[in-house]
Amino acid sequence: MNLLRLMEHSLALARRHGLRALFMTLAMAGCGGGADSGGTGVTPQSYASGPITGFGSVIVNGVRFDDTRATVTDDEGAPRSRDDLRLGMTTEVRGSAITVDATGANVSSASSIAFGSDLLGPVDSVDAAGNRLVLLGQGVDIGTATVFDDVGGLAAIAPADLIEVYALYDAATGRYAATRVERKGAATTYRLRGIVSQLDTVARAFNIGSERISYAAFAGSLPAALANGNFVRIRLQPPKTGGVWQVAGLGDGVPQPRELDDVRLEGLVSAFTSVTRFSVNGVAVDAGGVTAPAGLALGARVEVKGVVRNGLLVASELNVKSPDDEANQEFELRGAITSVNSAIRTFLLRGVTVEYLLVGSATDFRDGSAADLIVGRNVEARGTLSPDGTRLLAARITFK
């Protein structure tokens, strides 16, 4: 992606919208609740974008965001509940200044949280052996940190199943790295977020991957981001006719960290000019002030911390996540146990099935034992996902 175009686009958004939106929604509507405060009356001082890796507080990019007073919206700006947030959802969080608490954890109070998926539609094909599927013509890779909800893992998915996928787009492969997969009952429109190519402004059509998409009959306003190489979010009107999808909604698909002094992104390098000039998830980054880590390239999964100035994220910290980091992704849940099945050594916490006393790797219990796992007991469970992504394998359980 052209860095200059990204910077010019960011500046244009700043002038037109003040970068007030958490997401440019599919119908170009606001996210509601007041963009500066999220409806809480507190002006955000920090911003984080990435998949949710824990609850108790909502954990994104290693920061524990207290969501008690946060407004929550989806990618169409509709008000949602904190209970709608789930592991693996890709989010944008605005909050107070990030500080370090007595335990050494990075903490903040969230004023607003927005979440949005990359794909929603029927499955085209499944390659269980290759840990891949195709959805709306887009290739989706399933990894060891992909969370499955209401789905018994990839093996339980079949062609024509309606699913929703939260993901990070890999520009190096043209595929999506799934962070969460949900089964859906029905949908009047499908959703797709991706990079525009083969734009024809006369015929009013473009491609996302190999899929041709027409906006000829779309009467809504077009996003400034509608250009080759830029991310957009689309609502698609099924069915596809003559090999072409019709647009029902169209908006900018780039996260919008406005001018803040503490911005943290986790995502894949989506455009790469050099080790000092690249983009993450469509956000332009200036890394001239940090030492480039090994493995920095198009498609690398990175964590960036810095400040946003004139629409450009100026990095103060930059890390590349290795395949081992991703394979050993730790998730954390805090809260009250809602059900227990001692026969199969599981309990339900924050809507997630937690398995304990694993064969060959016994759970480390602190301030209690397995006998203390009862409904209503407050615990913290940490661990990695099961191979099918449906359960948390608890390495440690701490009683509160």
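The values are calculated or read from the model by the stated rules, or taken from the named source; none is laboratory data. The structure presented is a predicted model; accordingly, all values stated were derived computationally and were not measured. When we count neighbours, we look across all protein chains shown, and the Cβ atoms used for this are built from the backbone with ideal geometry, even at glycine. These accessible areas exclude ligands, DNA and RNA; they are computed on the full protein's heavy atoms, side chains included. Shrake-Rupley method; radii C 1.70, N 1.55, O 1.52, S 1.80 Å.
To keep it simple, each residue is scored yes or no on (1) touching a residue at least 60 places away in the same chain (Cβ under 8 Å); (2) in contact with a strand residue (DSSP E or B) (Cβ under 8 Å, 6 or more places away or on another chain); (3) not hydroxyl-bearing (Ser, Thr, Tyr).
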position: SER108; (1), (2), (3): yes, yes, no
position: LEU119; (1), (2), (3): yes, yes, yes
position: ASP124; (1), (2), (3): no, yes, yes
position: ASP127; (1), (2), (3): no, yes, yes
position: THR146; (1), (2), (3): yes, yes, no
position: LEU162; (1), (2), (3): no, yes, yes
position: TYR176; (1), (2), (3): no, yes, no
position: ALA186; (1), (2), (3): no, yes, yes
Exercise. Can you tell which of PHE365, PHE331 is more than 30 Å from VAL269 (Cβ to Cβ) and buried (at least 19 other Cβ atoms within 10 Å of the Cβ)?
Worked result: PHE365
Problem set entry | Residues located in the stretch 230-255, provided they are open to solvent by 10 Å² or more (accessible area, probe 1.4 Å) and β-branched (Val, Ile, Thr) | THR241, VAL244, VAL247, VAL254
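Within the stretch 62-117, which strands (runs of 3 or more DSSP E) (wholly inside it) include 1 or more residues that are of a type in the set (Gly, Ala, Ser) and open to solvent by less than 50 Å² (accessible area, probe 1.4 Å)?
90-95, 106-115
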Exercise. Of all residues in the stretch 168-197, how many are under 24 Å from LEU265 (Cα atoms), among the polar types (S, T, N, Q) and in a loop (DSSP other than H, G, I, E, B)?
Worked result: 1
For this session: Tell me which residues, restricted to the stretch 136-150, are part of a loop (DSSP other than H, G, I, E, B) and either of a type in the set (Lys, Arg) or surrounded by fewer than 20 Cβ atoms within 10 Å (Cβ to Cβ) (or both).
Result: GLY137, GLY143, THR144, ASP150
Seminar exercise, completed: Residues of the stretch 375-396 being open to solvent by 30 Å² or more (accessible area, probe 1.4 Å) and either of a type in the set (A, V, I, L, M) or in a loop (DSSP other than H, G, I, E, B) (or both), in sequence order, are VAL375, GLY376, ARG377, PRO387, ASP388, THR390, LEU393, ALA395
Exercise. Could you say whether any residue in the stretch 91-101 is under 15 Å from ARG183 (Cα atoms) and touching a residue at least 12 places away in the same chain (Cβ under 8 Å)?
Worked result: no
For this session: Could you tell me which residue of the stretch 198-221 is most open to solvent (accessible area, probe 1.4 Å), considering only residues that are in a strand (DSSP E or B) and not charged (D, E, K, R)?
Result: GLN198
Problem set entry | ARG258 being of a type outside the set (S, T, N, Q), at pLDDT 95 or above, in contact with a strand residue (DSSP E or B) (Cβ under 7 Å, 6 or more places away or on another chain) and open to solvent by 30 Å² or more (accessible area, probe 1.4 Å) | no
Seminar exercise, completed: Condition set within 17 Å of the chain's Cα centre (by Cα) and over 21 Å from GLY153 (Cα atoms), scope the stretch 182-197, selection most open to solvent (accessible area, probe 1.4 Å): answer is ARG191
Problem set entry | Subset of the stretch 268-285 (residues that are at positive phi and not polar (S, T, N, Q)) | GLY282
